[in-house]
């Protein structure tokens, strides 16, 4: 019963044309057909049937053979002239062999005898419905593909080649971008549009991917238009297979990305092909800050006008080969230069040109903007990387001209050293070789007041590494919080072994890390009886993001009896107003002030001001880096409360 219901459900979607001239037979058969089909078109002869077939989107024809005007086979023949796929069943009382032969030649799908046998009818109907559903799905897919093809042809360049790389099809957009007609392209090797400066390795990888591994290849390709100019495409190339899995052709979709990336890509291409590239990078000084002052429209106009000024004057005066306008106020000039003397002359001319630019101004609306540029030059080894890192150095050091041919190598060497340090940190963490050393902090009589917990790394050969060599690097490798966790546990454990308080260094990074923050609270709960002997030395630095979170942390740990010290006070990020917000118990004077206090009146004045502020706020003061007796006595006379440094002892394990 379920099968019959499913069949009726399927046939209800099929449009039927029923052709029968005998009214009695037609009425009887329709009573059966109407149980299965909702859309039934009825014709009384072959001509009527052919007319209705053309007027309606018919899925299935059931027809008698012998009819006036035009018999069933004649009607089918006319239908087949325009439609080879529609399903057709013959319903007749005739069993003449000639009828069978003719119906087979016309591609009839089945033969039903009168009177209608319901089992035979259901069996044939099931097969016909399956065929109609397949045909409808195919038609829907073809319709979708045609629409997809239409959209794709509007948005992408499409081409097909045979297995030898010979072009067999191109769409109109392909012709528009390449400037070749389809007649000029068809039958030609795909290399007709390839630029000679594409790296050969790229094409080796492409053919290995699509031909050997039979996978899709994606990449950016530099092509050459008919007039010789370069254009760039983001290409996707796919092999097309027959039913046996053999490659029969390749289809490629190319998106023209010349406008998006041609400047950077063309610069890279030039540097790749030049024998002795001379690269100049120019940057509008303080460009990153200009938008905040003047707005996006002003900055965009400025960037365009500076580019025009540079291109107009620089290319001609220095006989350079190409100019590229890059983003964010950056520009590049290049030349293929062969002699050292020529390069040195160009460096001198560039400095003179920079002076000329600095003497000019650009008018944007009512504003006259004095142009100032940074200029970095490289002509040996990895010139692109050299000017990239060189420009970063200029910005950092507030300089405006640099010739660099080795900074990229220095960066690489530093990176390698940093990786080695990170490996040592990871190994030390894995092997419990991150340890705590302790340095005494003394009062004005030299008696030990407390100890500061200082991290050390024990290398595999037993050497002890100072945090100066690994702690900042560990921050970049995300090991910093793990190190702090070890130091915290080491320090709290040591509280049970000594009768002196302990200072522990923590940073804003540590406090802002939720896991580490919870660990600190857990340790304070566990060692609540000793919590009042703990001082957290907080380094106020530029990495502090969540000021309110820091204040909340300080308030909470103070509720356990913990004291707060501000480390390195007097350095670049010190702020008296912020100091009052933190409400510290102790200030540690920055070591750079202490080291120079014997000879520097400036350092002595700053220390005096810190001490005056601390005394007014009833805050204790510690001076670290006390290296000799003279420094100790100067600081003692100034009123410093506690002292720390090699004069009293080096950090040691306890």
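Conditions first: (1) within 26 Å of the chain's Cα centre (by Cα); (2) more than 20 Å from residue 368 (Cβ to Cβ); (3) modelled with pLDDT under 90. Residue 273 passes all but one, so which condition is the exception?
(1)
For the range 394-404, which residues satisfy the criterion of being part of a helix (DSSP H, G or I) and either in contact with a strand residue (DSSP E or B) (Cβ under 6 Å, 6 or more places away or on another chain) or exposed (fewer than 15 other Cβ atoms within 10 Å of the Cβ) (or both)?
Listed by number, the residues that qualify are 394, 396, 397.
Please count how many residues of the range 512-521 are surrounded by 12 or more Cβ atoms within 10 Å (Cβ to Cβ) and not in a loop (DSSP other than H, G, I, E, B).
Matching residues across the range 512-521 total 6.
Quick check on this structure: which one of 589, 610, 652 is buried (at least 20 other Cβ atoms within 10 Å of the Cβ) and within 30 Å of residue 493 (Cβ to Cβ)?
589
Does the range 479-492 contain at least one residue that is closer than 10 Å to residue 434 by Cβ, part of a loop (DSSP other than H, G, I, E, B) and in the same structural domain as residue 633 (by TED's automatic domain parsing)?
Yes: one or more hits.
Given (1) outside any loop (DSSP other than H, G, I, E, B); (2) exposed (fewer than 13 other Cβ atoms within 10 Å of the Cβ); (3) within 51 Å of the chain's Cα centre (by Cα), identify the lone condition not met by residue 637.
(3)
Based on this model, can you work out whether residue 494 counts as over 25 Å from residue 579 (Cα atoms) and either touching a strand residue (DSSP E or B) at 6+ places or on another chain (Cβ under 6 Å) or exposed (fewer than 13 other Cβ atoms within 10 Å of the Cβ) (or both)?
Answer is no for this residue.
Looking at the range 199-219 only, could you name the residues that are surrounded by 12 or more Cβ atoms within 10 Å (Cβ to Cβ), at pLDDT 85 or above and either part of a loop (DSSP other than H, G, I, E, B) or in contact with a helix residue (DSSP H, G or I) (Cβ under 7 Å, 6 or more places away or on another chain) (or both)?
Across the range 199-219, the qualifying residues are 214, 215, 217, 219.
Can you tell me which residue in the range 496-528 is nearest to residue 442 (Cα to Cα), limited to those that are out of contact with any helix residue (DSSP H, G or I) (no Cβ under 8 Å at 6 or more places or on another chain) and without any contact (Cβ under 8 Å) to a residue 60 or more places away in the chain?
My answer is 499.
Of all residues in the range 180-198, which are part of a loop (DSSP other than H, G, I, E, B), touching a strand residue (DSSP E or B) at 6+ places or on another chain (Cβ under 7 Å) and touching a residue at least 24 places away in the same chain (Cβ under 8 Å)?
Across the range 180-198, the qualifying residues are 195, 197, 198.
Can you name the number of the only condition in (1) in contact with a helix residue (DSSP H, G or I) (Cβ under 7 Å, 6 or more places away or on another chain); (2) in a helix (DSSP H, G or I) that residue 323 fails?
Exception for residue 323: condition (2).
With respect to residue 108, is the statement that it is in a helix (DSSP H, G or I) and surrounded by 19 or more Cβ atoms within 10 Å (Cβ to Cβ) true?
no
Looking at 587, 622, can you tell me which residue is in a strand (DSSP E or B) and in contact (Cβ under 8 Å) with a residue 60 or more places away in the chain?
622
Looking at 248, 240, which is the one that is exposed (fewer than 13 other Cβ atoms within 10 Å of the Cβ), touching a strand residue (DSSP E or B) at 6+ places or on another chain (Cβ under 6 Å) and at pLDDT below 90?
240
Residues of the range 590-607 being more than 11 Å from residue 570 (Cβ to Cβ), in contact (Cβ under 8 Å) with a residue 24 or more places away in the chain and assigned to a helix (DSSP H, G or I), which ones?
Once the filter is applied, which keeps residues that are more than 11 Å from residue 570 (Cβ to Cβ), in contact (Cβ under 8 Å) with a residue 24 or more places away in the chain and assigned to a helix (DSSP H, G or I), the range 590-607 yields 595, 604.
Kindly provide the set of residues from the range 310-321 that are modelled with pLDDT of 80 or more and surrounded by fewer than 16 Cβ atoms within 10 Å (Cβ to Cβ), ordered by number.
312, 313
Return the residue satisfying two criteria in turn: it lies in the range 625-634 and is touching a strand residue (DSSP E or B) at 6+ places or on another chain (Cβ under 9 Å) and part of a helix (DSSP H, G or I), and of such residues it is nearest to residue 605 (Cα to Cα).
Looking at residues that are touching a strand residue (DSSP E or B) at 6+ places or on another chain (Cβ under 9 Å) and part of a helix (DSSP H, G or I), I get 631.
Suppose we filter the range 262-312 for residues that are in contact (Cβ under 8 Å) with a residue 40 or more places away in the chain, in a helix (DSSP H, G or I) and farther than 15 Å from residue 367 by Cβ; how many remain?
Qualifying residue count for the region: 15.
So that you can scan it fast, the table gives a plain yes or no per residue for (1) in a strand (DSSP E or B); (2) at pLDDT 90 or above; (3) surrounded by fewer than 20 Cβ atoms within 10 Å (Cβ to Cβ); (4) assigned by TED's automatic domain parsing to the domain that holds residue 390:
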position	(1), (2), (3), (4)
427	no, yes, yes, no
435	yes, yes, yes, no
438	yes, yes, no, no
441	yes, yes, no, no
455	yes, yes, no, no
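Being within 29 Å of residue 7 (Cα to Cα), assigned to a helix (DSSP H, G or I), in contact with a strand residue (DSSP E or B) (Cβ under 7 Å, 6 or more places away or on another chain) and at pLDDT below 85, is that true of even one residue in the range 129-143?
yes
What are the residues in the range 465-494 that are under 14 Å from residue 536 (Cα atoms) and touching a helix residue (DSSP H, G or I) at 6+ places or on another chain (Cβ under 7 Å), if any?
Of everything in the range 465-494, those that are under 14 Å from residue 536 (Cα atoms) and touching a helix residue (DSSP H, G or I) at 6+ places or on another chain (Cβ under 7 Å) turn out to be 484, 485, 488, 492.
The values are calculated or read from the model by the stated rules, or taken from the named source; none is laboratory data. What you see is a predicted model; the values in this text were computed from it and never measured. Note: ideal-geometry Cβ built from the backbone for every residue, glycine included; neighbour counts use all protein chains shown.
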